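Structure first, commentary second.
The values are calculated or read from the model by the stated rules, or taken from the named source; none is laboratory data. For clarity, every value in this text was computed on a predicted model and none was experimentally measured. All Cβ positions, glycine included, derive from the backbone under ideal geometry; neighbour counts span all protein chains shown. All accessible areas refer to the heavy atoms of the entire protein, side chains included, with ligands and DNA or RNA removed. Shrake-Rupley method; radii C 1.70, N 1.55, O 1.52, S 1.80 Å.
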Amino acid sequence: LAKPYLNLSILSESPSVFVDRSKAFGRLCSAMEKWVGKIALVTGASSGIGQDVAITLANAGMVVIGIARRAELITLLSTKVTGTGKIFAKKCDVSNETEIMETLNWIRREFGGVDVLINNAGIFRYNFISQSETTDFRDTFNVNVLATCIFVREVIKDMKARESYGHIVLLNSILGKRVPDVSVPIFGVYPASKFALVGLTEVLRQELNFLKLPIKVTSVHPGMVQTDMIKVFESQLAERLPKLQVSDITASIVHCLETPPEVRIDEITVNPAM
């Protein structure tokens, strides 16, 4: 596969720089020391990006709470942890607010709260909008937008109450920046849900600045990633398109978490090099 590049929009004089993803992992042990023993909540951790991020953060010394509807798949990840951290699995349907709150309250009781949120869970209902069911619209926004809002609200409460620094990473999509002109546009309302996250992230960033809370927010916009989510696009054309690996996205997230207090990475767009 082609080597990916990261387009980093950071709070500096130069808004975009390019870095090789290998540099992030090269500094992993030293730059991630501030997070050793801290609590990371990873949603959608049973497969794909969420699974890879959970393992990587645990290997960096974090205590990772992985949640998904298929919690048994997360439990199996503990055998892949070679670092000093741990992975705990918790069953949670993020489309259900009651289950979300029960999970967050369990984390508070058992671990004291969340220091890092990796909001990765999402769904993509492939169809024409004109042929979609109302349940498709509702399910997409419940998982991709409403659940994100609930998780963000609650972890900020934790961080504020504990007077601790924190980091919120929202997994967005290249479709949250632009909708490509393709021959069969079966995107449904997925791009709309991801554009909503762009607005949410910017308002949240301004809010945290106004409240003077030491919490960073980063929006990650991956291009096409080799995961189960893109299987619907499997065709001769799709197979020829360059794709990212989940480890490429994990590397960009690690890079954000490595930043010192005076550096803020607001957004990363990750695309495979053509």
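Between Lys86 and Glu202, the simple spin-label model (points 7 angstrom out along Cα→Cβ) gives 4.2 nm.
Rolling a 1.4 Å probe across all protein chains gives Arg264 an accessible area of roughly 70 Å².
Counting only Cα atoms, the stretch 34-270 measures 50, 42, 35 Å along its principal axes, largest extent leading. In terms of the Cα gyration tensor, with a ≥ b ≥ c the square roots of its eigenvalues, is the stretch 36-79 rounded because a/c is under 1.5, prolate because a/b exceeds b/c, or oblate? Prolate, because a/c is 1.5 or more and a/b exceeds b/c.
The modelled label-to-label distance between Met101 and Asn127, using points 7 Å beyond Cα along the C-beta direction, is 3.0 nm.
Ligands, DNA and RNA left out, the accessible area of the stretch 109-199 computed with a 1.4 Å probe is 55% carbon and sulfur. The residues of the stretch 34-270 have, on average, 45 Å² of accessible surface per residue, using a 1.4 Å probe with all protein chains present.
Potential lengthening of the chain between Ala161 and Phe137 amounts to 5.1 nm, from the contour at 0.36 nm per residue minus the alpha-carbon distance.
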